[in-house]
Amino acid sequence: MIKVGIIGSTGYVGHELLRILTNHKKVKIAQISSYSYEGQSIDSIYGNLNKISSLMCTNPEKVIASSDLVFTALPHGLSEEIAEKCLEKDKICIDLGADFRLKDEEEYSKWYGKNFSKPHIHPLSVYGLPELNREKIRTSPIIANPGCYPTSIELALMPVLREKLIDTKSIVIDSKSGTTGAGRGLSQTTHFPECNENILPYKIGEHRHLPEIQQILSEMANTSVKVTFVPHLLPVNRGILSTIYCTLNETKDVGKVHNIYKNYYEKEAFVRVLEIGKTASIRNVKYSNFCDISLHMDVENSKLIIVSAIDNMVKGAAGQAIQNMNIVLGIDEGEGLNFIPPAF
């Protein structure tokens with residue numbers, strides 16, 4: 001059994017990693033750590049793990065020493081040092097934070113208020129969107145797990161950008177997320193009376209995922225891509241729904257675009273292109289590693305409207321990290337991830 005560790009195990013993403021990995025047939029969770037709950041058992045923090053896991057939260061050094069692969073589920077600025085220690089000990093690091101997502105240090109500093117603390121290790125990392133970088137992931141010692149919003153957006157736009165079907169300067173993205181996307185920490189925005197029975201746009205035009213989205217979309221298109229991105233908070237626990245408005249360069253035939261998507265994602269187990277007339281929804285991907293994509297046409301305005309849905313905690317975070325783990329370890333990509341979404 002391959003031994004894995006989780007650093008930052010008591011946040012929502014860390015807990016989701018533990019929940020999914022507990023049923024993985026090829027790996028064993030060796031150690032977990034938490035800066036806030038060191039010395040406490042994980043089932044004393046999350047009651048749903050009673051009689052399932054009583055692992056004690058230790059320190060990061062012990063996690064690295066006892067693991068072949070380490071997940072870091074930490075706020076930005078904390079993973080670079082851990083990744084360097086993993087490299088020194090020939091361990092793989094999969095970072096679910098933001099430290100390795102952006103290539104440009106100036107961009108990172110602009111959006112996160114910090115410089116790279118270990119710039120020499122950044123060239124060794126790869127952006128962990130399997131459908132884009134699968135072959136690079138196989139040999140990378142540091143994998144930057146994508147953000148949740150970016151995952152829903154990048155998968156939705158990759159085929160039309162690769163095929164140069166849309167104008168790259170007029171993309172408008174309206175994304176909505178459940179409250180778990182804000183993490184376990186408390187804030188007024190996610191306080192129950194504030195978010196219940198409410199939909200709230202936030203960080204309009206200044207969300208930290210914007211530079212990541214534009215960086216990866218530009219790589220896909222092989223040209224500069226700028227987008228208008230507005231995230232919203234939904235009064236639900238899980239899920240991201242992204243509605244993306246694009247101006248088509250030529251064809252107005254949604255059937256042709258649909259065939260391109262079907263062919264592009266035909267061999268991707270976790271991307272489901274819905275039939276014309278169907279609409280992607282959060283309910284149909286909840287608790288799964290699927291990304292559902294539906295295509296719609298505003299013929300009068302030559303607009304292609306793409307709707308994508310993911311579970312922000314699974315395909316948007318822990319599930320995608322485990323998918324990356326399976327790839328880099330040479331395990332079947334779907335191992336531990338074949339959840340059927342509940343119907344209601």
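The values are calculated or read from the model by the stated rules, or taken from the named source; none is laboratory data. Since this is a predicted model, take the numbers as computed values, not measurements. Don't worry about glycine lacking a Cβ; one is built from the backbone with ideal geometry, like all the others, and counts go over all protein chains shown.
Quick grid of which residues meet (1) of a type outside the set (D, E, K, R); (2) on the phi < 0 side of the Ramachandran plot:
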| site | (1), (2) |
| --- | --- |
| Gly183 | yes, no |
| Glu197 | no, no |
| Lys203 | no, no |
| Ile213 | yes, yes |
| Leu217 | yes, yes |
| Ala221 | yes, yes |
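List the number of the failed condition for Thr223; all other conditions in (1) closer than 23 Å to Met313 by Cα; (2) part of a loop (DSSP other than H, G, I, E, B) hold.
(1)
Given (1) surrounded by 16 or more Cβ atoms within 10 Å (Cβ to Cβ); (2) within 27 Å of Leu337 (Cβ to Cβ); (3) at pLDDT 95 or above, identify the lone condition not met by Ile121.
(2)
Does the range 251-258 contain at least one residue that is in a strand (DSSP E or B), at pLDDT below 95 and of a type outside the set (Lys, Arg)?
Within the range 251-258, none of the residues are in a strand (DSSP E or B), at pLDDT below 95 and of a type outside the set (Lys, Arg).
Could you figure out which of (1) closer than 20 Å to Ile153 by Cα; (2) in contact (Cβ under 8 Å) with a residue 24 or more places away in the chain; (3) crowded, with 17+ Cβ neighbours inside 10 Å isn't true of Arg283?
Result: Arg283 fails condition (3) only.
Return the pair list, or none, for Cβ contacts closer than 7 Å from residues in the range 219-240 that are closer than 27 Å to Glu16 by Cα to residues that are among the charged types (D, E, K, R) and in a loop (DSSP other than H, G, I, E, B), at least 6 apart or on different chains.
Pro231/Lys203; Pro235/Glu197; Arg238/Lys286; Arg238/Asp311; Gly239/Lys286; Gly239/Asp311
Does Glu266 fit the bill of being charged (D, E, K, R) and modelled with pLDDT of 95 or more?
So Glu266 fits the description; yes.
If I filter the range 174-195 for residues that are closer than 24 Å to Thr279 by Cβ and free of Cβ contacts under 8 Å to residues at least 40 places away in the same chain, do I get at least one hit?
Taking every residue of the range 174-195 in turn, none turns out to be closer than 24 Å to Thr279 by Cβ and free of Cβ contacts under 8 Å to residues at least 40 places away in the same chain.
Only one residue in Lys267, Lys278, Lys252 is touching a helix residue (DSSP H, G or I) at 6+ places or on another chain (Cβ under 6 Å), surrounded by fewer than 24 Cβ atoms within 10 Å (Cβ to Cβ), of a type in the set (Lys, Arg) and farther than 24 Å from Val27 by Cβ, so which one is that?
Just a single option satisfies the conditions, and that option is Lys252.
Out of the residues in the range 225-245 that are of a type in the set (A, V, I, L, M, F, W, C) and more than 25 Å from Arg283 (Cα to Cα), state the one that is surrounded by the most Cβ atoms within 10 Å (Cβ to Cβ).
Here the answer is Val225.
Does Glu80 fit the bill of being outside the structural domain of Leu210 (by TED's automatic domain parsing), surrounded by fewer than 20 Cβ atoms within 10 Å (Cβ to Cβ) and over 23 Å from Asp311 (Cβ atoms)?
Considered against the rule, which asks whether it is outside the structural domain of Leu210 (by TED's automatic domain parsing), surrounded by fewer than 20 Cβ atoms within 10 Å (Cβ to Cβ) and over 23 Å from Asp311 (Cβ atoms), Glu80 comes out as no.
Quick one: in the range 174-216, of everything that is touching a strand residue (DSSP E or B) at 6+ places or on another chain (Cβ under 9 Å), farther than 20 Å from Ala317 by Cβ and assigned to a helix (DSSP H, G or I), which residue is modelled with the lowest pLDDT?
Glu194
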